[in-house]
Amino acid sequence: MARIKLTKNELKTQKDNLKRFNRYLPTLVLKKQQLQMEIQKVEVQHDQKLREKELLEARVTEWVDVFGEDVGIGTLISLKSVNVEIGNVAGIDIPIYRGVNFEEAAYDLFAIPLWVDRAIEEIKSIFALVAELKILEEQIELLKYELRITSQRVNLFEKVKIPEARENIRVIRIFMGDQQTAAVVRGKISKNKLVRA
């Protein structure tokens with residue numbers, strides 16, 4: 001604990017600090033709760049998308065033999081870009097998935113087997129889910145980081161700053177009370193000396 005001055009000015013400073021800490025603490029606690037709820041929401045969303053991806057991949061595994069045909073499906077479609085928007089949750093900027101863009105090569109409908117159209121759609125769905133999962137993982141990471149910082153601040157205020165300010169106020173009041181009592185005693189002693197003189 002830092003050494004404090006035992007003055008009225010320091011008492012006022014400590015009271016102001018305590019008032020500010022007590023006013024700021026509920027905001028931090030609310031932010032912490034919002035972050036916890038948002039993390040839960042994003043984790044549920046992530047789990048749903050993961051299950052969706054697993055189901056889609058299971059459906060696609062039925063096609064494995066068909067994909068073995070050399071039609072160059074990898075050259076027919078490629079991921080062009082992932083559309084991401086920046087959103088704000090509890091004062092934190094996080095990426096929000098808005099879709100993906102694909103680049104499709106033109107192909108001869110008579111030369112390529114019929115199943116290629118469906119295969120391309122399935123591949124698009126898998127790519128979109130993978131991109132969305134990565135964005136959700138990034139959101140969770142950012143939110144957890146901010147939650148850790150906010151929790152540290154809440155603990156700092158609850159366990160250090162507020163008790164420290166209260167203790168400082170108590171010490172200053174005791175000192176000032178002792179000074180006041182000593183002044184009264186000195187005054188009475190002086191008065192008694194004057195009366196006797």
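The values are calculated or read from the model by the stated rules, or taken from the named source; none is laboratory data. Please read all numbers here as calculations on a predicted model, not as lab measurements. Glycine also receives a Cβ, built like all others from the backbone with ideal geometry; neighbour counts cover every protein chain displayed.
All but one of (1) within 30 Å of the chain's Cα centre (by Cα); (2) without any contact (Cβ under 8 Å) to a residue 60 or more places away in the chain hold for Arg3, so report the exception by its number.
If we test Arg3 against (1) within 30 Å of the chain's Cα centre (by Cα); (2) without any contact (Cβ under 8 Å) to a residue 60 or more places away in the chain, just (1) comes out false.
Any idea which of (1) closer than 27 Å to Glu158 by Cβ; (2) without any contact (Cβ under 8 Å) to a residue 40 or more places away in the chain; (3) part of a helix (DSSP H, G or I) is the one Gln36 doesn't satisfy?
(2)
Please verify whether segment 189-196 includes one or more residues that are surrounded by 10 or more Cβ atoms within 10 Å (Cβ to Cβ), among the charged types (D, E, K, R), modelled with pLDDT under 85 and part of a helix (DSSP H, G or I).
Kept after step one, since they are surrounded by 10 or more Cβ atoms within 10 Å (Cβ to Cβ), are these residues of segment 189-196: 189-192.
From what is left, the residues that are among the charged types (D, E, K, R) are 191.
With modelled with pLDDT under 85 added as a condition, the list becomes 191.
Of the ones still in play, those that are also part of a helix (DSSP H, G or I) are 191.
So far as segment 189-196 goes, yes, one or more of its residues are surrounded by 10 or more Cβ atoms within 10 Å (Cβ to Cβ), among the charged types (D, E, K, R), modelled with pLDDT under 85 and part of a helix (DSSP H, G or I).
All but one of (1) surrounded by 13 or more Cβ atoms within 10 Å (Cβ to Cβ); (2) under 40 Å from the mean Cα position of the chain (by Cα); (3) in a helix (DSSP H, G or I) hold for Val116; state the number of the condition that does not hold.
Among (1) surrounded by 13 or more Cβ atoms within 10 Å (Cβ to Cβ); (2) under 40 Å from the mean Cα position of the chain (by Cα); (3) in a helix (DSSP H, G or I), Val116 violates only (2).
Please find, among Phe110, Phe175, Phe102, the residue that is of a type in the set (Phe, Trp, Tyr) and at pLDDT 85 or above. Let's see the steps before the verdict.
Numbers: Phe110 fails: at pLDDT 85 or above; Phe102 fails: at pLDDT 85 or above.
Just a single option satisfies the conditions, and that option is Phe175.
Considering only residues that are acidic (Asp, Glu) and loosely packed, with under 15 Cβ neighbours inside 10 Å, look in segment 139-159 and name the one that is nearest to the chain's Cα centre (by Cα).
As a first pass, look at segment 139-159 and keep what is acidic (Asp, Glu): 141, 146, 158.
Adding the requirement that they be loosely packed, with under 15 Cβ neighbours inside 10 Å leaves 141, 158.
Working: Glu141: 8, Glu158: 19 Å.
The qualifying residue nearest to the chain's Cα centre (by Cα) is Glu141.
Within segment 122-157, how many residues are of a type in the set (Phe, Trp, Tyr) and touching a helix residue (DSSP H, G or I) at 6+ places or on another chain (Cβ under 8 Å)? Please lay out each step first, then the result.
Going through segment 122-157, the residues of a type in the set (Phe, Trp, Tyr) turn out to be 127, 145, 157.
Filter again for touching a helix residue (DSSP H, G or I) at 6+ places or on another chain (Cβ under 8 Å), leaving 157.
Within segment 122-157, residues that are of a type in the set (Phe, Trp, Tyr) and touching a helix residue (DSSP H, G or I) at 6+ places or on another chain (Cβ under 8 Å) number 1.
Looking only at segment 111-169, which residues are without any contact (Cβ under 8 Å) to a residue 60 or more places away in the chain and within 30 Å of Thr7 (Cα to Cα)?
Selection gives Asn155, Leu156, Lys159, Val160, Pro163.
Yes or no: Ile135 modelled with pLDDT of 90 or more and either surrounded by 13 or more Cβ atoms within 10 Å (Cβ to Cβ) or assigned to a strand (DSSP E or B) (or both)? If you could, list the steps in order and put the result at the bottom.
On the way: modelled with pLDDT of 90 or more: yes; either surrounded by 13 or more Cβ atoms within 10 Å (Cβ to Cβ) or assigned to a strand (DSSP E or B) (or both): yes.
Considered against the rule, which asks whether it is modelled with pLDDT of 90 or more and either surrounded by 13 or more Cβ atoms within 10 Å (Cβ to Cβ) or assigned to a strand (DSSP E or B) (or both), Ile135 comes out as yes.
Pairs needed: first member in segment 170-181, β-branched (Val, Ile, Thr); second member anywhere, in a helix (DSSP H, G or I); C-beta distance under 8 Å; at least 6 residues apart or different chains.
Pairs found: Ile172/Glu10; Ile172/Leu11; Ile172/Gln14.
Yes/no matrix, rows are residues, columns are (1) closer than 30 Å to Leu11 by Cβ; (2) crowded, with 16+ Cβ neighbours inside 10 Å; (3) out of contact with any Pro (no Cβ under 8 Å at 6 or more places or on another chain):
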residue	(1), (2), (3)
Val100	no, yes, yes
Glu104	no, no, yes
Ile123	no, yes, yes
Arg173	yes, no, yes
